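The values are calculated or read from the model by the stated rules, or taken from the named source; none is laboratory data. The model shown is predicted, which means the values in this text are computed figures rather than measured ones. All Cβ positions, glycine included, derive from the backbone under ideal geometry; neighbour counts span all protein chains shown. In case anyone asks, the SASA skips ligands and DNA or RNA and just uses the protein heavy atoms, side chains included. Shrake-Rupley method; radii C 1.70, N 1.55, O 1.52, S 1.80 Å.
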Amino acid sequence: MRLLREFRHEQPDPARFYTAIAEDSVGQLSTYADLDGGVMLDVGGGPGYFRDAFMAAGARYYALDSDVGELAGLGGIASGTVIGSGMRLPFRDDSLDVCYSSNVLEHVPDPWLMAEEMVRVTRPGGVVFISYTVWFGPWGGHETAPWHYLGGLRARRRYTRKHGHEPKNKYGESLFRVTVRAGLAWADHQTLADVVDVAPRYNPGWARWLVHVPVVRELVTWNLVIVLRKR
């Protein structure tokens, strides 16, 4: 319930929103990997809210982002930060204990190439944690929701007319449709890692089975988590 309340603060108070998400992320990732002393990469780490939370848990934290403006959002770019593309990670094969990404996959034009890159750079036995916003969920259009149900471009134009400027997340440029179905298909067909878990991130535990119900899963899964362990 706390996380649901925080969603409405993403634009007016990003520090409040992303701090809550970061703290929740540490707790969730810790159930799959030992963060204390582990080397981790946060793909799309942003300005530093996740850095603070993961370093407090003992991780040797590195972040990658393609947007210098995002990285400097807290006043400066921290050490251990890499500028680059999630679809072409500038890291060696098998070099990380944990490769993590939260709410980034829907912002890249080839999401499953990014997912494959995350698996590539993770060492055997390491954990890959991918979490993304589902397009047909209530928050799929981000700040243009719920009008994204009428089409991403239409929602983008409506937002621009109403607010006098483009949304931060521009459909077709920095926001794309990513579905539960596509995520399950990718996890099933990739061959380099074992699937540890697939779950709706913000739903109660009893609702986990819904990710296996076609159509329904697209509407009720706000955010899908895919967890893999590299072979």
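Determine the percent antiparallel among the DSSP beta bridges restricted to the chain, to the nearest 5.
On the way: 15 of 33 bridges.
In the chain, approximately 45 percent of DSSP beta bridges are antiparallel ones.
For the stretch 154-159, just list the computed ³J(HN,Hα) in residue order, Karplus coefficients 6.51, -1.76 and 1.60, θ = phi - 60°, integers in Hz, with x standing in for Gly and Pro.
5, 5, 5, 5, 4, 4
For a protection proxy built on the mean count of beta-carbon atoms within 10 angstrom, sort 55-63, 133-141 highest first, please.
On the way: 55-63: 19.2, 133-141: 22.1.
Descending mean neighbour count gives 133-141, 55-63.
Hey, what's the chain come to in accessible area per residue, 1.4 Å probe, Å²? Each step should come with its number before you reach the end.
Working: 10930 Å² over 231 residues.
Result: 47 Å² per residue.
Would you mind telling me the share, in percent, of accessible area of the chain contributed by carbon and sulfur at probe 1.4 angstrom? Intermediate results must be reported in sequence, preceding the final value.
On the way: 6040 of 10930 Å².
Here it works out to 55 percent.
Using a Gaussian network model on the chain with a 10 Å cutoff between Cα atoms, which of G205, G46, G172 fluctuates the most?
Comparing G205, G46, G172 in the GNM, the peak value goes to G205.
On each of the three principal axes of the Cα atoms of the chain, give max minus min coordinate, whole Å, ordered largest first.
Sorted largest first, the three principal extents are 48, 44, 33 Å.
For the stretch 108-222, what is one quarter of the convex hull surface built on the Cα atoms, given in nm²? Don't jump to the answer; show the numbers that get you there.
Values: hull surface 31.7 nm².
About 7.9 nm², averaged over all directions.
Return the long-range amide H neighbours of N223 (sequence gap of 5 or more, or a different chain), with a cut-off of under 5 Å between placed amide H atoms.
For N223, whose amide H was placed from the backbone, the distant partners under 5 Å are V134, R201, Y202.
For the stretch 31-42, in order, what is each residue's ³J(HN,Hα) by Karplus, 6.51 cos²θ - 1.76 cosθ + 1.60 with θ = phi - 60°, in whole Hz (x at glycine and Pro)?
Computed from phi, the couplings for the stretch 31-42 are 6, 10, 8, 7, 7, 5, x, x, 8, 10, 10, 9 Hz.
Can you tell me what the convex hull of the Cα atoms of the stretch 155-213 projects to on average, as an area in nm²?
On the way: hull surface 25.4 nm².
That works out to 6.3 nm².
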